[in-house]
């Protein structure tokens, strides 16, 4: 859910796989390419529009080994593909299905990975109950063997005489994805039409930038905590010129690190807010690297109890003087899972009925709202009952690319007795702005709260990486969005203004703000409800 880091080779596999998936779902590849990606023990029956088309897997395998010399019936049909699709299909059939065995095995052990793979397995097994588990079990068994796994090998190994591909279901899933993307595009068009006052902000450059941001320096702190075997690593950014009443506790997202959010800590400290960043072991960048090396399952919602314990320990240490006093009240702030941690640390817990809501939400694979997997995993996660931030000491909650629509439906955020700033991006396909940020914001009645939508921003816009490093999802503007640094500068300005409005007890004015070619929309409750009505049901 955050910007992670990947070796270049694996990043290439990710890009290639997503490009192929996009071509299938967006209709730019031949239907035969879809048919060929699923096979059975000896025969695959493809269901399409009430018809059943049998495909001989032995013929398909023979064509993949020698496409020019194979003159069987299927080979003749496959020769009708255009050259680009034919090469893609050959590459798919000849390449190992899961080249990194350690990573694949760990993925199968994760809650979210099992949900997605079981759902995909049911599509490849005709939607029969339990068929997804059968395919998953076969995959796990084949991963224990040393030889490479190909698609044909996997499906031939499933202990059933015949498999059925529900192509109708796959096409419905593709149509759903396209419809969600179209709805998100239309929603952003309605957002642009809201009557908001335009504010153009100049970049802070030269002498003006030096005067506002005189380069604060962080200080490392190792805090001994009872729930971890090693000290908790903190990064303290003292305020350059302390003038605010509150301080900020900043939490990275899943797989994130304090280095990725250093731009935000530095900017807030320069503007008068002390910032303390937590490096959460077990769900940080190091944990993701261990996952990629096949040493552990992908981290997920099961890490939240430890994250909340980290927050509780830090707040207690600040109150007791183990950490220098930072202010009268605290702002809980985080990106993605860090934003969810902030909401939970404020004392909120999922509203009753989560199991029922998740059954409906996960009826289809959440291709465009991956956060639903994390939200539904919370059914199996025992959260502590005690609130981390004591009443009266919580100044605000700030959630970048926040989510929680399944956790807090209706008026589920009424118990949050502090203003909320929640931000989103128009290109966010992980926590989409309408179904997550807008839906969540509308549940909070506090008139001081604000919703910020950044046009061209994505789920990864908040993450900053060094130039010499390779970002995990370096997939172009379509997923990363506009230049992240420009988005970050605008978000820093808006976040600072929001915190100033909280300290001054003067609500931030709804507005449209542009800076360096990036536009953000700041909505209060009334304008957010107006946007919701324009979008429609």
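The values are calculated or read from the model by the stated rules, or taken from the named source; none is laboratory data. Computed from a prediction, not measured in an experiment: that's the story for all the values here. Neighbour counts are summed over all protein chains in view; Cβ atoms, including those assigned to glycine, are modelled from backbone coordinates with ideal geometry.
Pairs are defined by a Cβ separation below 7 Å, a sequence spacing of at least 6 or placement on different chains, a first member in the range 179-207 that is modelled with pLDDT under 80, and a second member that is surrounded by 15 or more Cβ atoms within 10 Å (Cβ to Cβ) and assigned to a helix (DSSP H, G or I); the pairs so defined are 201/493. So is residue 86 assigned by TED's automatic domain parsing to the domain that holds residue 145 and at pLDDT below 75 or not? Taking the combined requirement at face value, the residue does not satisfy it. Can we say residue 374 is surrounded by fewer than 24 Cβ atoms within 10 Å (Cβ to Cβ), within 22 Å of the chain's Cα centre (by Cα) and closer than 30 Å to residue 426 by Cα? No, not satisfied.
Is there a residue being surrounded by 14 or more Cβ atoms within 10 Å (Cβ to Cβ), within 24 Å of the chain's Cα centre (by Cα), at pLDDT 95 or above and assigned by TED's automatic domain parsing to the domain that holds residue 456 anywhere in the range 494-514? Yes: the range 494-514 contains one or more residues that are surrounded by 14 or more Cβ atoms within 10 Å (Cβ to Cβ), within 24 Å of the chain's Cα centre (by Cα), at pLDDT 95 or above and assigned by TED's automatic domain parsing to the domain that holds residue 456.
The requirement of being farther than 21 Å from residue 536 by Cα and surrounded by 21 or more Cβ atoms within 10 Å (Cβ to Cβ) is satisfied by residue 463.
Evaluated against (1) closer than 29 Å to residue 288 by Cα; (2) at pLDDT 95 or above, residue 461 falls short on exactly one condition, (2). Residues in the range 218-250 that are assigned to a loop (DSSP other than H, G, I, E, B), touching a strand residue (DSSP E or B) at 6+ places or on another chain (Cβ under 9 Å) and free of Cβ contacts under 8 Å to residues at least 24 places away in the same chain: 224, 231. When each of 455, 469 is tested for being modelled with pLDDT under 60 and touching a strand residue (DSSP E or B) at 6+ places or on another chain (Cβ under 8 Å), the lone residue that passes is 469. Can you confirm whether the range 380-393 contains a residue that is modelled with pLDDT of 90 or more, surrounded by 18 or more Cβ atoms within 10 Å (Cβ to Cβ) and within 21 Å of residue 444 (Cα to Cα)? Scanning the range 380-393 turns up no residue that is modelled with pLDDT of 90 or more, surrounded by 18 or more Cβ atoms within 10 Å (Cβ to Cβ) and within 21 Å of residue 444 (Cα to Cα). When residue 413 is tested against the conditions (1) more than 28 Å from residue 237 (Cβ to Cβ); (2) at pLDDT 90 or above; (3) not in a loop (DSSP other than H, G, I, E, B), the lone failure is (3). Name the residues in the range 521-537 that are at pLDDT below 95 and not in a helix (DSSP H, G or I), would you? Across the range 521-537, the qualifying residues are 536, 537. Every condition in (1) touching a residue at least 40 places away in the same chain (Cβ under 8 Å); (2) surrounded by fewer than 23 Cβ atoms within 10 Å (Cβ to Cβ); (3) in contact with a strand residue (DSSP E or B) (Cβ under 8 Å, 6 or more places away or on another chain) is met by residue 417 except one, and the failing one is (1).
Considering the range 302-371, the qualifying helices (runs of 4 or more DSSP H), each wholly inside and each with 3 or more residues that are in contact with a strand residue (DSSP E or B) (Cβ under 8 Å, 6 or more places away or on another chain), run over 304-319, 337-345. Residue check: is residue 293 over 21 Å from residue 382 (Cβ atoms) and either in contact with a helix residue (DSSP H, G or I) (Cβ under 9 Å, 6 or more places away or on another chain) or modelled with pLDDT under 90 (or both)? Yes.
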